[in-house]
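Notes follow once the structure below has been shown.
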Amino acid sequence: MTPVLPAVGRLERGVPLAPFTTFGLGGPVALWCGDVTTDELPGVARAILDETGSPPLLLGDGSNLLVADGPISRGVIRLGGHGFTLGPSWGEVVDVAVDAGTSWDGFVSDAVNAGLQGVECLSGIPGRVGAAPIQNIGAYGQEVSDTVVAVEGLDLLTGAVIALTAADCAFGYRTSRFKTGDSTFAVTRVHFRLRTQSSPTVAYRDVAEALLAVADPTLQVVRECVLAIRRRKSMVIDATDPNRRSAGSFFTNPVVTSGHADALAAENGGELPRYQSTGGVKLSAAWLIENAGVARGFELGGARVSTRHTLALTAASASCRTSDIVRLAAHVRRAVRRRFGVTLEPEPVFVGFDRSATQVLDEAEESLPND
Ligand SMILES: Cc1cc2nc3c(=O)[nH]c(=O)nc-3n(C[C@H](O)[C@H](O)[C@H](O)COP(=O)(O)OP(=O)(O)OC[C@H]3O[C@@H](n4cnc5c(N)ncnc54)[C@H](O)[C@@H]3O)c2cc1C
């Protein structure tokens, strides 16, 4: 029998998700339980499964979610608990185990301050450590899969405690086994292997250019540089920024065949930013959007393309609803497909829709005026 734990008594009904997402959007959920400990998790997950018929959604800081406007039939759990434990260290590496509820950027800051290399370019990414492996967060020349060695968690259907190796996680570009399909895995702890004696990663062009005049930049200098670049693009959480209500990049960079990339480059006078990537050639979604005629600041309903980054869609007005973001996303996606024959894929996880994200956008596209 599943023990009745105090957290089960804290289950609430009809809590709106809007205050828990960076878009500030999202309707009420069937059941909600916050600040759940790892020990309480199996009992709360079982109670939600029994009542709603489906495993709960694990919520972090809601910075990669698009939550539907209407009532949502799922239960949602937010884990409490934060902190990290230094594990064994040998040679020039050290293992660090970090609780899922820990702030991602808080962890990065602590690692940089401790002289540990491997996550400095991921400075400023919103959210919690538990969500970092879900889409294999990445920025400025690093991905979290470069340093994750294991992920601990709970299977929400069976209650089994599971430890997965990095290989088990099937990390890819902005994806993992947890992001594809309906994952029932709750991440409770992530294990990283960081380096104690290494120079920071200065691989990304913007970072390298900004640090041209700095000989041997430290981890802290690279962190500050990344944060400054991100601030200029409204890619950090800042309560005073008019572009703040977003989920960061709304679309991933599309990967196409080299033949397709060559053809697009030829059609565009050779002007097509592209990078060799696993499985093909990666194009810049931001470049495609701008060159499909969608400018920064473009508004549709209550939604607006960020005034500082074409890839971010924002809730621009107090009356903006999730349906406005969906319409704007459909508009942007259609413009790129019409101009370049490339279909953009959304990066955030869609919650509370009874169809896949692709179907939601396809349907919204059909209802757009044919301009
Ligand atoms: C301004 C801004 C900039 C951003 N920049 C970047 C960037 O540079 N690179 C990048 O990769 N992303 C970026 N993002 C997206 C986002 O910050 C990351 O995806 C982040 O990891 C999401 O963390 P979260 O805690 O907010 O997760 P949430 O948005 O709450 O959840 C995201 C997904 O993870 C799942 N999840 C959360 N916690 C757990 C858990 N413990 N166990 C199992 N599943 C869980 C959720 O169910 C959901 O499917 C940005 C977002 C914003 C708003």
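The values are calculated or read from the model by the stated rules, or taken from the named source; none is laboratory data. Everything numeric here is computed off the predicted structure, so don't read it as measured data. Here the Cβ positions follow ideal geometry from the backbone for every residue, glycine too, while neighbour counts run over all protein chains shown.
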For this session: Would you please name the residue that is surrounded by the fewest Cβ atoms within 10 Å (Cβ to Cβ), looking only at residues in region 276-332 that are without any contact (Cβ under 8 Å) to a residue 24 or more places away in the chain and part of a helix (DSSP H, G or I)?
Result: E290
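Yes or no, residue by residue, for (1) at negative phi; (2) at pLDDT below 95; (3) within 16 Å of the ligand (Cβ to nearest atom):
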{"position": "I162", "(1), (2), (3)": "yes, no, yes"}
{"position": "F171", "(1), (2), (3)": "yes, no, yes"}
{"position": "T180", "(1), (2), (3)": "yes, yes, yes"}
{"position": "F185", "(1), (2), (3)": "yes, no, yes"}
{"position": "S199", "(1), (2), (3)": "yes, yes, no"}
{"position": "L219", "(1), (2), (3)": "yes, no, no"}
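Name the single residue, out of those in region 223-237 being of a type outside the set (D, E, K, R) and away from the ligand (no atom under 12 Å from the Cβ), that is nearest to A312 (Cα to Cα). Quick ask: steps written out before the conclusion?
Start the filter on region 223-237 by keeping residues that are of a type outside the set (D, E, K, R), which leaves 225-229, 234-237.
Cutting the leftovers down to away from the ligand (no atom under 12 Å from the Cβ) gives us 225, 228.
Values: C225: 21, A228: 18 Å.
Only one residue tops the list, namely A228.
For (1) hydroxyl-bearing (S, T, Y); (2) more than 24 Å from P348 (Cα to Cα); (3) within 16 Å of the ligand (Cβ to nearest atom), each residue gets a yes or a no:
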| residue | (1), (2), (3) |
| --- | --- |
| L11 | no, yes, no |
| P16 | no, no, yes |
| T22 | yes, no, yes |
| L25 | no, no, yes |
| T37 | yes, yes, yes |
| P42 | no, yes, yes |
| R46 | no, yes, no |
| L57 | no, no, yes |
| G62 | no, no, yes |
Exercise. Could you say which residue among V144, V129 is among the hydrophobic types (A, V, I, L, M, F, W, C), near the ligand (Cβ under 9 Å from one of its atoms) and within 20 Å of P88 (Cβ to Cβ)?
Worked result: V129
Exercise. Would you pick out the residues in region 153-170 that are under 25 Å from V76 (Cβ atoms) and either buried (at least 16 other Cβ atoms within 10 Å of the Cβ) or assigned by TED's automatic domain parsing to the domain that holds S54 (or both)?
Worked result: G153, L154, D155, L156, L164, C169
Problem set entry | Count of region 309-341 residues which are within 14 Å of G293 (Cα to Cα) and of a type in the set (S, T, N, Q) | 1
